[in-house]
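Right, one structure below, let's go through it.
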Amino acid sequence: METVRTRTDVGQESGWAARLTRRQGVGALVAEAAGSPLKRTMGVGQLTLLSVGATLGTGIFVVLGEAVPEAGPAIVVSFVLAGVTALFSALSYAELAGMIPGSGSSYSYAYATLGELVAWVCGWCLILEYGVSVAAVAVGWGQYVNELLDLTVGVTLPDSLSAPPGDGGVLNIPAAAIVVLAMVVLLRGARESAVANTLMVGVKIAALVMFCAVAFTAFRAGNFTPLFPLGTAGMSAGAASLFFSYIGFDAASTAGEEAKNPQRDLPRAIILSLVLVTALYVLVAVAALGAMPWQKFEGTEATLSQVLVQSVGGGSLWPILLSIGAVVATTSVVLTVQYGQIRILFAMSRDGLVPPLFSKVHPTTGVPRANTVIVSGFIAVLAALVPLGALADATSIGTLFAFMLVNLAVILLRRRSPGAPRSFRVPFSPVTPILGVGFCAYMLFSLGTDTWVAFGAWMAVGLVIYWLYGIKNSRLNQRPELQEPDLTQESA
């Protein structure tokens, strides 16, 4: 009896350790993605704009005020350094997205390489990253709407209706409203969501190009002398702050089952989006620092609209246009990141680690409808009632942990499955992914104690859920043939 029970539970292996480390086969993951009920409607252009939409948002509109005092004019170099840091992980994402083109992103990659427990932890980190960051961006959207109302009609919403209880309000209605609006768009289907995102990305890129054009009229080269007034340490500190402006480039990897040609297009979209975002960030930084001396950024939020008002004096037109661009930018981020959150839960549900309700797809729209409504409702409540503060910083831990696992997955799969088909290969492996792990680990341990405490509490809740539900309902219990006890067999 004991032998029968063990084979039922863990296939060819035995013991709790084996259950926690069981892996899904790469071949099984690829076959499952090929037969997905989701509709394949996205080409490389839409996939690239999906990642750009998730990345290019609130960060560039507010980050200069926080980062410039740390680095001075060297903030331009900081943007490049942060972009290179993100590139290490982007290359690893590109290889794995072309190899395992599913909806689970780094969760699925971890499942194929590091085992079920680590995959669950990775998925739980992504839920934190995506869910809380959407709520944080939604709160920022409400602030931009208030700024736009003040610039155009001279009125703002009262705090009681535009701030959560902890920030002196009662209910943040604008933040909840944008989440619900994004839900309505997402329920219409992936094609419609991609079209809406494409339009919004076009608007926010146009707004940033407009900012550069206006700011360059007041450009003074002397503002960049000296380039490193706070030393290279200041430049590095600025890069650490700016790294989080790059979070979101991995959004295309959650659309693997809705891409027309995922093996070819996903790697291209991930790398193209990062290159485009980095170029825009550097251009905006050069324009802003050239228009206003870096010392004036101290003590101010220094959004781009403030840079125009203080240094260019373009009247009310330019700040209004830029505020419109900021509203559209944050709307795009809410839409695309919410999309990614839903697809990751879809993949986890299909694997049996969360209830099957999250993987039910509507036959007409090809959308996981219940999943979309539940996730959007939770995020809307979070955005309306919770002052995020340090909790939003916990998204950084989730992101960096996921990035680190993706780099490790590349190293492991190169050893276990050297002959498996890869449409893109990370150059200079294993050096490149090892550098990716190192940079992520460095930034993880540079985060504050409060952030680690919040993250620890979140992970404790996640492990309880896995122990009570996921480990028993995992699909690998019912279908041990999907398990890959030795991935080296795959390359034979």
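Numerical summary
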quantity	calculated
Exclusive hit being part of a helix (DSSP H, G or I) and surrounded by fewer than 15 Cβ atoms within 10 Å (Cβ to Cβ), set 202, 140	202
Any hit, the stretch 169-191, residues being free of Cβ contacts under 8 Å to residues at least 12 places away in the same chain, out of contact with any His (no Cβ under 6 Å at 6 or more places or on another chain) and either within 27 Å of residue 84 (Cβ to Cβ) or assigned to a loop (DSSP other than H, G, I, E, B) (or both)	yes
Residue, surrounded by the most Cβ atoms within 10 Å (Cβ to Cβ), within the stretch 82-105, restricted to residues that are hydroxyl-bearing (Ser, Thr, Tyr) and at pLDDT below 85	105
Candidates 147, 116 - the one that is more than 20 Å from residue 325 (Cα to Cα) and touching a residue at least 40 places away in the same chain (Cβ under 8 Å)	116
Residue list for the stretch 140-168, restricted to those being hydroxyl-bearing (Ser, Thr, Tyr) and under 29 Å from the mean Cα position of the chain (by Cα)	144, 162
Long-range neighbours under 8 Å by Cβ, at least six apart or interchain, first residue within 20 Å of residue 246 (Cβ to Cβ) and modelled with pLDDT under 85 within the stretch 316-342, second in a helix (DSSP H, G or I) and of a type in the set (Asp, Glu)	326/147
Test: residue 170 is farther than 22 Å from residue 249 by Cβ, surrounded by fewer than 14 Cβ atoms within 10 Å (Cβ to Cβ) and β-branched (Val, Ile, Thr)	no
Qualifying residue in the stretch 148-168 (condition: over 24 Å from residue 64 (Cα atoms), touching a helix residue (DSSP H, G or I) at 6+ places or on another chain (Cβ under 6 Å), at pLDDT 85 or above and among the small types (Gly, Ala, Ser))	no
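The values are calculated or read from the model by the stated rules, or taken from the named source; none is laboratory data. Note that the structure is a prediction, hence the values are computed from the model and not measured. Every residue, glycine as well, gets a Cβ built from its backbone with ideal geometry; the counts of neighbours run over all protein chains shown.
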